[in-house]
Amino acid sequence: QVRLLESGGGLVQPGESLRLSCAASGSIFRINNMGWYRQAPGDQRDLVARITAGGSTYYAESVEGRFTISRDNAKNTVYLQMDNLRPEDTAIYYCYAEVSIAWGDSARRYWGQGTQVTVSS
């Protein structure tokens, strides 16, 4: 079994920063893509950022230039540094990892439990 444990959410004022972490553990042979989605009340879950095993990144247009995704492959951990936060960034943030548990196994997507980020003055 694979588990993803998130941390780092909270309440901040506009313009401030937060750093989210997500550590994968369990029966892991290889992790391909890792990333973050977010979901505000009444909205669908949208992709925020993604990073490949080799370090290539993708960002949603709404966070480009303010958020930075990174990963530590030795620790099976992905991070999301969020700077210059805005009220519209308020949402539950979910991390994911595409994990193979054995050689030749197809990668499966696993999800974290979600962490609340609230940006308000």
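May I ask you to say which residue of LEU47, LEU4, LEU18 is within 13 Å of the chain's Cα centre (by Cα), in contact (Cβ under 8 Å) with a residue 60 or more places away in the chain, within 26 Å of SER100 (Cα to Cα) and open to solvent by less than 70 Å² (accessible area, probe 1.4 Å)? That would be LEU4, the only listed residue that is within 13 Å of the chain's Cα centre (by Cα), in contact (Cβ under 8 Å) with a residue 60 or more places away in the chain, within 26 Å of SER100 (Cα to Cα) and open to solvent by less than 70 Å² (accessible area, probe 1.4 Å).
Out of segment 50-100, which residues are among the basic types (Lys, Arg), open to solvent by 60 Å² or more (accessible area, probe 1.4 Å) and more than 19 Å from GLN39 (Cβ to Cβ)?
Correct list: LYS75 only.
The residues of segment 1-27 that are aliphatic (A, V, I, L, M) and either under 13 Å from SER70 (Cα atoms) or modelled with pLDDT under 95 (or both), listed by number, are LEU20, ALA23. Within segment 105-115, restricting attention to residues that are more than 12 Å from the chain's Cα centre (by Cα) and surrounded by fewer than 15 Cβ atoms within 10 Å (Cβ to Cβ), the residue that is farthest from ARG50 (Cα to Cα) is ASP105. With respect to (1) out of contact with any strand residue (DSSP E or B) (no Cβ under 6 Å at 6 or more places or on another chain); (2) over 21 Å from GLY8 (Cβ atoms), the lone exception for SER100 is condition (1).
The values are calculated or read from the model by the stated rules, or taken from the named source; none is laboratory data. Bear in mind that the values here come from a model prediction, so they are computed numbers and not experimental data. Virtual Cβ from ideal backbone geometry, glycine too; neighbours counted across all protein chains shown. When the accessible area is computed, the model is the full protein with side chains, heavy atoms only, and any ligands, DNA or RNA have been set aside. Shrake-Rupley method; radii C 1.70, N 1.55, O 1.52, S 1.80 Å.
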